[in-house]
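Readers should treat all values here as calculations from the given coordinates under stated rules, not as data from a laboratory. Being a predicted model, the structure only gives us computed values, none of them experimental. Here the Cβ is made from the backbone with ideal geometry for all residues, glycine too, and neighbour counts use every protein chain on show.
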Amino acid sequence: MAEQGLYEELARQLSAIGAVKRGLARIMPAECPSGSAAVLTLLDRHGDMRMSRLAELLSVDMSVTSRHVAHVAARGWIERSPDPADKRSRILRLSAAGREQLDELSRRASRLLATRLDDWTDDEVGQLIRLMTRLRDSFGDCRVRVSEGAESVRPGPFQTTRTPAEAS
């Protein structure tokens, strides 16, 4: 186990990752804000799903999810069809235009990273990927609901006591 000072420095560095995320967000097309990109990414990664599942994966409430879904649907990036098991629900599916949009987002992010990390070796980039993957795996699924016992956990420096709706 590493010493406490290393964990404190790691917490500071992780906090600074916000600057990297903001840099990536600035190069994305204006018509595809981060919430829309998240919807497209999750549909690509997990396949067709109900809006309730999407809200769970996004860790936001249904009203926020509905706004994101309306935005991407209006641009033709997803298709909504009746759920055969429950006609009141809709199944969300990534459309061909949505896949094209995801490809464009990926190209933009890759170009920016290639530019900013042009003095990094392939080994260094690979090491960063492995370590970030391991870090994320160490945290597991962080979508714990308060009703599942999280109210007894004191928020850390990167956690909030806000509800998902307030955080969006």
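Tell me whether segment 1-106 comes out rounded, prolate or oblate; compute the Cα gyration tensor, take square roots of the eigenvalues as a ≥ b ≥ c, and use a/c under 1.5 as the rounded threshold. Don't skip to the answer; put the middle values down first.
Numbers: a/c = 2.87, a/b = 1.80, b/c = 1.59.
Taking the square roots of the gyration eigenvalues as a ≥ b ≥ c, segment 1-106 is prolate.
Mind putting a number on the dipole of segment 1-104 about its Cα centre? Charges go on the C-beta only, +1 for Lys and Arg and -1 for Asp and Glu, and I need it in Debye to the nearest 20. Each step should come with its number before you reach the end.
Working: 15 positive and 14 negative charges, 86 e Å.
Using Cβ point charges on Lys, Arg, Asp and Glu, segment 1-104 gives about 420 debye.
For a paramagnetic label modelled at 7 Å from the Cα of residue 127 toward its Cβ, which residues of segment 1-29 fall within the zone defined by backbone nitrogen distances under 15 Å?
Answer for segment 1-29: none.
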